[in-house]
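Only one structure is covered here, and it is reproduced in the block below.
What follows draws every value from the coordinates through simple rules; no lab data is involved. Because the structure is a prediction, the values reported are computed rather than measured. Positions of Cβ are backbone-derived with ideal geometry, glycine not excepted, and every protein chain shown enters the neighbour counts.
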Ligand code: SF4
């Protein structure tokens, strides 16, 4: 189909809030401070946050990223990523005399604490999230015999509980709010006695970023979410925009944009995942500016003032 170029004024709607959340900010600063205080190298288990740009910048400064704590030389310093780790990882680190710095987001730690509480109460725990994601692996490790990962409503018919009266659910912090509601409802129909966390586990940052994308998608012809492919919350933002009926792409930075995508877009919505540094969004704004999108309006749905202190010894 031949593309019809637009003739009206072009505009960018910029989501607020977008980008770094308090947990990511703390995790990145943890590695930076650990390098300052202890000197290079500092080992980091897994990507500290799911953003390639951030990982490459920290690697240049002396961080060494490993997949498992068992790859870290005995006695060395290792930082655990924002996504959290299971108790088995802490045990391994202790067995190798590693000096650990835990950059787990406090909101992820809160889910671990809930998992421990439900497990102590003898409950089967349905953990709603993506199997294989680091956060889910870490949380599931709190009670591997009691936790069952549920990825979507389609899984609900196939799960079981030793005692249907003693059942609980927890969720990954970065899921789309609406999807979680659907799974929880389906689980509750099968297990009416199911209890949940004290407060919703979807974190404030995921919620706010999703709300902002919903607001701008309704006014946009096209939405770009800046984030890495393996970033759960960035992928959720793309889904939120698409569910609002808008074409949406996940892009690493401006170099991922196919110029054909924007030929028919008068208004482009722009946001970024919680692990994306704002410099990458600024580069996309500059790219669009050069192509006629000079008018930039910020669409603000919430203001955030959450701050988590750095781990002890680094503040
Ligand atoms: Fe923490 Fe939420 Fe950020 Fe994840 S997205 S690191 S849970 S604040």
>> Modelling each spin label as a point 7 Å along the Cα-to-Cβ direction, I'd like the residue 229/residue 178 distance in nm, to one decimal.
In response: 2.7 nm
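If you take the beta carbon distance between residue 145 and residue 188 as r and set R0 to 25 Å, what does 1/(1 + (r/R0)^6) give as a FRET efficiency, to the nearest 0.05? Can you show the working numbers first?
Values: r = 23 Å, r/R0 = 0.92.
Using R0 = 25 Å, I get an efficiency of 0.60.
For the chain, what's the relative contact order in percent, using C-alpha pairs closer than 8 Å and at least 6 residues apart? It would help to have the intermediate numbers written out before the result.
Numbers: 624 pairs, mean separation 82.3, N = 315.
Relative contact order here is 26 percent.
Fewest first, what order do 179, 91 take by the number of other Cβ atoms within 10 Å?
Numbers: 179 18, 91 11.
Least crowded to most crowded, the residues run 91, 179.
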> Under 11 Å from a point 7 Å along the Cα-to-Cβ line of residue 130: which residues of region 198-236 have their amide N that close?
Replying inline: 228-236
> Hey, what angle do you get for helix 204-217 against the long axis of the chain, alpha-carbon based, 0 to 90 degrees rounded to 10?
Replying inline: 20 degrees
>> Between 0 and 90 degrees, rounded to the nearest ten: what's the tilt of helix 232-243 against the longest Cα principal axis of the chain?
In response: 50 degrees
>> Using only the alpha-carbon atoms, how far is helix 278-289 inclined from the longest principal axis of the chain? Give it as 0 to 90 degrees, nearest 10.
In response: 20 degrees
